[in-house]
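What follows draws every value from the coordinates through simple rules; no lab data is involved. As the structure is a prediction and not an experimental result, all values here were calculated from the model. Cβ placement follows ideal geometry from the backbone for every residue including glycine, while neighbour counts extend to all protein chains displayed.
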Amino acid sequence: MKCPKCFKDNKPGVKFCAFCGTSVQQSESRSTGYSSAGSSRAGNKTMISQAAPTMERGSSLNELILGRDSGNDVSLNDVSISGKHAKIFLENGNVFIEDLKSLNGTFVNGRKVQGRVRVKATDRISLGTHSLNIDSNNLLNSLFSRSSDGSIIQDGTLRLSFNSDWVGKIIYFVLIILLLLPWITVSAKDGQFSFTALDFALNSLPAGISAKGLNFPGYGSAHTIFLILFVLTLIGLILNFIRLRITDKLNIVNLLSLVILILVIVIAATAGSTFSFDNVMLNLIADNLNIRLAFPAYIFLMLCFISLFEGAIEFYISNNK
């Protein structure tokens, strides 16, 4: 029979510890329904207990209460820890920790927790002066193992999880719509025509002028740029449904947004030159040619820039709910 205070073994059936005098039976009666999941570290008398899986608390597997009280899901016998110190929970594939108005505070990587903070298994989590050891507790370990944890590869296995964040999805959905709106406006004495980005990507004439017998020349560099732009934007929309974080504030889609932004800047910088578009418009209007970007193209450019910071935006939104 192990003493809960000095952790020394006593003979079975004894009421008090033979080494420090602590009541052993009282500790045994309080531990009913709980199983030991840890032991003391060198020089730190800390006992960790975990709630049995048969507890009626339905959220016990996805939400754990940590503190010094023996009735908590994870009980930590440390004087710097409050009775109910913090809550750690799984939500939308992410693990968050929230301080429960503890006396000595909760810290993640040395920073005090205000509200709720997203945490990973590799973070340094401290309750008061006690450093939490996730591997020493089955419930905590299970909680983190069921999270995406910001990693594409875990335990040598490729793991893709659904991304519940919504900012990136909205941005890329709007970008797809903008590609279907007029991007290039060509005006001359004979009239004005507008081309969508998709028209350039597919080397097709806009509706309403095909009857005039006007045709594009062969597929050139301008068409290729627009086709790449359309394909990358479509890929970006799809990738927003998969959790592909590189860090808490950066994901793979942010890098894709940078590539798309560069392509749009190239298009915007050369929009006024007929040569840059392989003389596509010269077959339509021979003189007094005026080529300019339409308003949807500038909105597209602005949204691409915002999308560079989408990962950081999602991070701050999730941490300030």
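For ILE262 and LEU100, compute 0.36 nm times the residue count separating them, minus their Cα-Cα distance, and round to one decimal in nm.
53.7 nm
How much length is gained on full extension from ILE306 to ASN133, taking 0.36 nm per residue of separation minus their Cα-Cα distance?
58.5 nm
If I model a spin label as a point 7 Å beyond the Cα along the Cα-Cβ vector, how far apart are those points for LYS112 and ARG124 in nm?
1.8 nm
Would you tally the net charge around GLY67, using a Cβ to Cβ cut-off of less than 14 Å, leaving GLY67 out, and scoring K and R as +1, D and E as -1?
Summing Lys and Arg as +1 and Asp and Glu as -1 gives -2.
Over all directions, what mean area does the Cα convex hull of segment 90-139 project, stated in square nanometres?
3.7 nm²
Report the extension gain between ILE170 and ALA269 in nm, rounded to one decimal, defined as 0.36 nm multiplied by the number of residues separating them, less their alpha carbon distance.
Taking ILE170 through ALA269 to full extension adds about 33.0 nm, to one decimal.
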